[in-house]
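Participant: Handing you this structure, nothing more for now.
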Amino acid sequence: MSKSIDLLAFGAHPDDVEIGMGGTLSLHSKKGYTSTIVNLTKAELSSNGTVEKRQEESDEAAKRLGVTSVVQLDFPDRGLMVDKEKVIKKITELIRTYRPKVVFAPNTKDRHPDHIHTGELVKEAVFNAGIYKYNEQSGKPHKPTSLYFYQINGFIDPDFVVDITGHIEQKLYALQAFESQFETTADTIATPLTDGYIERIKAREQVIGQIIGAEYGEGFKVSRPLAMTDLVKEEQT
């Protein structure tokens, strides 16, 4: 059964979407928009935590952001390209099922190959979702209005920035739900995520916000140029 949702955000692992665009999801939830997060893998190869714990954390983080629903898939961590066509077909099916206005994926410039692959796979699936004869049994064709790429690691030169000043604390609160990834205990294996990662994310969003004169922001890349018809009256939001 098809269902219409406003924002559909894909990540390779539980916490990817929250790191990249948690503030944007919180902002749009407050505006009354619906959103769904899709995690392609269970992050079973992560150095810390367990799959079961990560699922609990993912659900809690989504609640803290006001996300409508979370879809957890079971493709192999570090193996998204092993059966590339199968992954694309599933993503296409989800796009046709949820019929989103806007789709999000990780930026394809990132230190983690899974993030890069997810961005590439989602881009292909968005294109395929609009082809009438592609995998017809997966549902009626659907063309989202836009595909945007959020950043996880590093710092991108954004094509546009969302002002999340009023939602930065909610984003950090959601990230704190992932205790197994970001908190240090006696059993923790040291990783970049356990070394002040949330504080660095906050600092990054502060720098990005300054680009548009805001206190905090989240940066995005576009998959194609933004359309404008009136440069005097129109304002990008």
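Each value in this text was obtained by applying a stated rule to the coordinates, not by laboratory testing. Everything quoted here is computed from the prediction, not taken from an experiment. Counting neighbours? That spans all protein chains shown, and the Cβs are built from the backbone with ideal geometry, glycine included.
Participant: Simple spin-label model, 7 Å along Cα-to-Cβ: Asp59 to Glu183 in nm?
Facilitator: In this crude spin-label approximation the distance works out to 1.8 nm.
Participant: Choose one answer from Leu193, Leu40, Leu175: the residue with the largest mean-square fluctuation in a GNM of the chain with alpha-carbon springs under 10 Å.
Facilitator: Of Leu193, Leu40, Leu175, the most mobile in the Gaussian network model is Leu193.
Participant: What residue among Leu94, Leu226, Leu172 has the largest mean-square fluctuation in a Gaussian network model of the chain, using Cα springs under 10 Å?
Facilitator: Of the options given, Leu226 has the highest mean-square fluctuation.
Participant: While we're here: Taking 45 Å as R0, compute the FRET efficiency from the Cβ-Cβ separation of Asp230 and Tyr132 and round it to 0.05.
Facilitator: About 0.85, to the nearest 0.05.
Participant: Between Glu52 and Leu73, what is 0.36 nm times their sequence separation minus the Cα-Cα distance? Round to one decimal in nm.
Facilitator: Difference between extended and current length: 6.2 nm.
Participant: Here is a follow-up. Give me the net charge of Arg99's neighbourhood, meaning all other residues with Cβ under 12 Å from the Cβ of Arg99; Lys, Arg count +1, Asp, Glu -1.
Facilitator: Net charge around Arg99: +3.
Participant: To continue, here is another question. Within a 10 angstrom radius of the beta carbon, how do Asp110, Asp157 rank from fewest other beta carbons to most?
Facilitator: Taking fewest neighbouring Cβ atoms as first place, the list is Asp157, Asp110.
Participant: Residues with amide H under 5 Å of Phe10's amide H, sequence separation 5 or more or different chain, H placed in the peptide plane at 1.01 Å from N; which?
Facilitator: So Phe10 has HN proximity to Val38, Phe104, Ala105.
Participant: OK, next. Which one, Thr108, Thr191, Thr145, has the greatest fluctuation when you compute a Gaussian network model over the chain with C-alpha springs under 10 angstrom?
Facilitator: Thr145
Participant: How much mean residue ellipticity at 222 nm does the chain get from its helices, if each DSSP H run of length 4 or more adds -39500 (n - 2.57) and you divide by all residues, to the nearest 500 deg cm²/dmol?
Facilitator: Result for the chain, helices only: -12000 deg cm²/dmol.
Participant: Given DSSP loops and a limit of at most 13 other Cβ atoms within 10 Å, what is the longest stretch of the chain that contains no such trypsin sites (Lys or Arg not before Pro)?
Facilitator: Formally, the longest exposed-site-free interval is 134-232.
Participant: Suppose we keep just the DSSP beta bridges with both residues in the stretch 7-222; what percent of those would be antiparallel, to 5?
Facilitator: 30 percent
Participant: Right, next: For the chain, which longest stretch is free of loop sites, where a loop site is one of the GluC sites (Glu not before Pro) that DSSP puts outside H, G, I, E and B and that has at most 15 other Cβ atoms within 10 Å?
Facilitator: 45-182
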